[in-house]
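Peer 1: Once you've had a glance at the structure underneath, I'll fire off some questions.
The values are calculated or read from the model by the stated rules, or taken from the named source; none is laboratory data. This one's a predicted model, so the numbers in the text were calculated from it and none came from an experiment. All Cβ positions, even for glycine, are placed from backbone atoms using ideal geometry, and neighbour counts span all protein chains on display.
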Amino acid sequence: MATRTILIAAALAATSFPAIGSVIVVGSSAARQCYESADSPVAPSARAIDRCNEAIAATAIPFDDVVATYVNRGILKLRSGQIDAAIADFDTAMEMNPNQPEAYLNKGAALIRLNNARDALPLFTVALERHTNRPAMAHFGRAIANEDLGNIPAAYSDYRRAAELEPEWADAQAELARFRVVPR
């Protein structure tokens with residue numbers, strides 16, 4: 001399971017997808033700068049998290065931007081290894097807006113990094129049900145959770161779906177290639 005956890009941590013936090021599932025914020029505010037940092041392939045800086053803090057403290061930004069900023073700050077914290085703090089941000093975003101799919105996706109990824117596939121699995125499903133912007137990531141995370149829990153057919157199905165959604169994503173292709181389907 002440790003190898004699987006390392007794989008999803010790398011795949012969900014650092015592969016060709018620069019962010020796990022950042023939430024777009026428009027304009028030129030601190031919230032927008034927070035989003036751009038979360039969506040960047042560059043390692044997050046303390047300044048990037050400070051921008052998110054500034055946005056959350058601002059009183060003049062729309063409610064949806066505040067929710068988005070919690071998700072984006074959580075992504076930055078997750079990528080910085082502050083897993084518990086990231087989970088707290090994702091939880092806050094989910095409490096503020098239970099329909100925010102990227103909060104579920106990212107909390108699932110954080111729980112996978114903590115070797116908690118059982119609690120991560122339903123979060124990936126919720127992210128898909130709420131139409132995440134990163135369905136391939138949700139399927140990939142759910143596949144790893146299912147594999148860790150011993151549900152190999154479901155894992156295969158989700159790896160296959162992730163590879164279909166993002167055919168150029170090498171990690172999804174590599175995971176799918178590990179399986180051999182034998183007709184019954």
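Peer 1: One residue is enough: does the range 39-52 have a residue meeting the conditions over 16 Å from the mean Cα position of the chain (by Cα) and hydroxyl-bearing (S, T, Y)?
Peer 2: yes
Peer 1: For I112, work out the one condition from (1) under 15 Å from the mean Cα position of the chain (by Cα); (2) surrounded by fewer than 16 Cβ atoms within 10 Å (Cβ to Cβ) it doesn't fulfil.
Peer 2: Result: I112 fails condition (2) only.
Peer 1: Of all residues in the range 139-161, how many are closer than 18 Å to A117 by Cα and free of Cβ contacts under 8 Å to residues at least 40 places away in the same chain?
Peer 2: Taking the range 139-161 first, the residues closer than 18 Å to A117 by Cα are 139-159.
So of that shortlist, the ones also free of Cβ contacts under 8 Å to residues at least 40 places away in the same chain come out as 139, 142-143, 145-146, 149-159.
Here the count works out to 16.
Peer 1: Give the residues of the range 43-95 that are touching a residue at least 40 places away in the same chain (Cβ under 8 Å) and of a type in the set (G, A, S), sorted by residue number.
Peer 2: Passing the criteria: only A68.
Peer 1: Check every one of the helices (runs of 4 or more DSSP H) wholly within the range 1-70 and list those with 3 or more residues that are modelled with pLDDT under 85, out of contact with any strand residue (DSSP E or B) (no Cβ under 7 Å at 6 or more places or on another chain) and hydrophobic (A, V, I, L, M, F, W, C). Even if it seems obvious, please write down each step before you answer.
Peer 2: On the way: elements: 2-14, 30-38, 46-57.
Helices (runs of 4 or more DSSP H) meeting the threshold: 2-14.
Peer 1: Here is a further query. Restricting attention to the range 35-50, which residues are surrounded by 14 or more Cβ atoms within 10 Å (Cβ to Cβ) and under 21 Å from N133 (Cβ atoms)?
Peer 2: Y35, E36, S37, A38, D39, S40, P44, A48
Peer 1: Could you grab me the full set of residues in the range 144-184 that are modelled with pLDDT of 95 or more, surrounded by 16 or more Cβ atoms within 10 Å (Cβ to Cβ) and of a type in the set (A, V, I, L, M)?
Peer 2: Passing the criteria: I144, A145, A154, A155, A162, A163, L165.
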